[in-house]
Amino acid sequence: MRYDLMYRSLPERMAPMLSLYTTSSCSGPRWNSRTIFFAITEQGCLVPCAISEAALEQVSQHRCAGQDDALARFAAFQEQIEAAAHSKFEQRHPASPGPMHLWADDFDDHAPEGAPMMAVRPNWAEAA
């Protein structure tokens, strides 16, 4: 483990990652197969992120029907998605490389104490 990376400021730690995972135009979310890539800003640095199609469906409680639908759903729920990315970033190990991935279980509702997990399954998932 490189301990020198752990004690650098966030901009110093993020610089190598950003050069690997961002393009010259970070104007907005980009769709690639079954993933949407986007960026958040933490302490003045762009942090590359990705959300899986399943996670997007979990957040929106709706199945995505292709690229246009997925990007529209991302825009509709962008505030919630970015909040989850910020929260996950705060819990991330300082030397973790690569983009931060958001998966469906990052958006799972937690069951009340003693309730079976199926009790919190969204209705849209049952129709699938």
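Treating r as the C-beta distance of Q61 and R34 and R0 as 25 Å, the FRET efficiency rounds to 0.90.
Could you check how much of the accessible area of segment 30-107 is carbon and sulfur, as a whole percent, using a 1.4 Å probe?
Numbers: 1890 of 4030 Å².
Ligands and nucleic acids excluded, carbon and sulfur reach 47 percent.
At a Förster distance of 22 Å, what's the computed FRET efficiency of H93 paired with T41, Cβ-Cβ distance as r, to 0.05? Could the numbers behind the result be given before it?
Numbers: r = 20 Å, r/R0 = 0.90.
E(calc), rounded to 0.05, equals 0.65.
Using the 1.4 Å probe convention, the accessible area of segment 30-107 works out to 52 Å² per residue with neighbouring protein chains retained. Sorting the segments 60-66, 36-42 by their residues' average number of neighbouring beta-carbon atoms within 10 angstrom, most packed first, yields 36-42, 60-66.
Once the piece of chain linking D68 and D105 is laid out straight, how much longer is it, given 0.36 nm per residue of separation minus the C-alpha distance between them? Intermediate results must be reported in sequence, preceding the final value.
Working: separation 37, 0.36 × 37 = 13.32 nm, distance 2.36 nm.
Full extension of this stretch gives 11.0 nm more.
The values are calculated or read from the model by the stated rules, or taken from the named source; none is laboratory data. Being a predicted model, the structure only gives us computed values, none of them experimental. Reconstructed Cβ throughout: ideal geometry from the backbone, glycine too, with neighbour counts over all protein chains shown. Ligands, DNA and RNA are excluded from the accessible area calculation, which covers all protein heavy atoms including side chains. Shrake-Rupley method; radii C 1.70, N 1.55, O 1.52, S 1.80 Å.
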